[in-house]
Every structure is written in C-alpha cells, then in structure tokens.
Amino acid sequence: MPDTGGGGGCCMCCCRFIFTLGLTSLFMWLSLRTSSPDCLLSKFYIPLNQTFNSPNLTTTLEFELRLKNTNKDKGVYYDPINVTFFDSSNRSHFIGNFTVPKFYQGHKKKARKNFTIPNINREVVIQAIPVNGSTAFFRVDLATSVRYKILMFKTKRDKIKVGANIEVNGTVIKVYPKDVKLKSNANKIRSYYGPNGSLFS
C-alpha cells in the first residue's frame, strides 16, 4: 500500500504544539517578571543653627525620598515604608526613623516624599559631624514590602531592604546634589513563580 504520509502529519502537529507551548511560556515569563522599585535619597539635612526650648537640645532631620516604579505594565502597592537614620556607616548611634504610609504607584510612575523627623538628639549629631572642612558618612536604611499588580491580580509580598551611606559636610547637608541610590545585595529581577508553583496570594 502507498504511504499516506500520516506519520509526517502527526510529527508536524507535534512540532507546532511544542513551538506554541514555548511561545506561551516565554510570554508568561515576560509578563510575570517584575523589577523592584528604585529607592533614592534626594535630600538629607540636619539644621544645627536652630534653638529650641527643650532640655534635650533636640533638632530635626529633613529628608526626601524618590521612589520609581520601573515596571512598564505593573503597578506597585507599597506597605508602610520604614526609614531609619544612623550617625555613621557602621550604625554606631541611632538618630531617628520615620514611617511612610502605604500607597499605590502606577506603572512607570515616580513619587517624591518629603518628611521631617522631630526630636533628633543634637549632641549625637554634633559628635558625628566632620571638622576642618572634611566630610563624614551617615547611614540610611529602608525596609518595606511591596505587591505587584499584574492585570487584575496582586502578587505575594516581596520584601525590600536597602540602604546607603550618605556623605555630609560640616553643616550636615548631603555633599553631592545627585540622588543617592539605596541598594541591596539581593537580585533585582524576579519572577513570581514560587517553589510550589503558586503565583498570587
């Protein structure tokens, strides 16, 4: 009997199925891949030329955060953001902390957050500031959790812990006008397939 070519047709269908499955998997991976927000410190200033009627000789700490959602098609839900400052890069003395309320940020959006922390111990700051025109390093740490909005769903929470050293001069102002990027050793790019295959909470 002549060969009807049935085997070749079956092989072709199988190849098409595998190719389609591969494209679908690639599309899903690209869709679910997320990038952590960029966290930057734009302003850092502790005014020491103010006088307060306080027996503790306190002052304030003024800072500005910039948060950038680098995802093209995913929103970000921020949990409360805890920002903590220290008087040196090795965190010798705690200076103050502030909690930024939770908020939502759309895709490719940027946010500026200006805050003032009261009741900063003036003596701790004075002991840490540089002398003779030199500079010193203070420290900022940021911790929060975020959930990504993919279409109509939210991912599980992703913890973010980043920080940076802040170079300051004798007036306790950030030396360089350029934003200081808060960094972590963790990988920035993630895909939300968990070890058990789960994606959303």
Query raised in the report: Can you find even one residue in segment 98-108 that is open to solvent by 90 Å² or more (accessible area, probe 1.4 Å) and at pLDDT 95 or above?
Result: yes
Query raised in the report: Can you name the number of the only condition in (1) of a type outside the set (Asp, Glu); (2) in contact (Cβ under 8 Å) with a residue 12 or more places away in the chain; (3) within 28 Å of Ile46 (Cβ to Cβ); (4) not in a strand (DSSP E or B) that Asn97 fails?
Result: (4)
Requested in this report: Please work out if Ser88 is within 24 Å of Asp179 (Cα to Cα), touching a residue at least 40 places away in the same chain (Cβ under 8 Å) and outside any strand (DSSP E or B).
Outcome: yes
Report summary line: The condition of being among the basic types (Lys, Arg), within 21 Å of Thr70 (Cα to Cα) and in contact with a Leu (Cβ under 9 Å, 6 or more places away or on another chain) holds, among Lys149, Lys113, Lys154, Lys108, only for Lys113
Query - Filter result (touching a residue at least 24 places away in the same chain (Cβ under 8 Å) and loosely packed, with under 14 Cβ neighbours inside 10 Å) within segment 144-153 - result: Phe153
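The values are calculated or read from the model by the stated rules, or taken from the named source; none is laboratory data. Worth saying up front: this structure is predicted, and the values here are computed from it rather than measured. Every residue, glycine as well, gets a Cβ built from its backbone with ideal geometry; the counts of neighbours run over all protein chains shown. Calculation scope for accessible area: heavy atoms of the full protein, side chains included, ligands and nucleic acids excluded. Shrake-Rupley method; radii C 1.70, N 1.55, O 1.52, S 1.80 Å.
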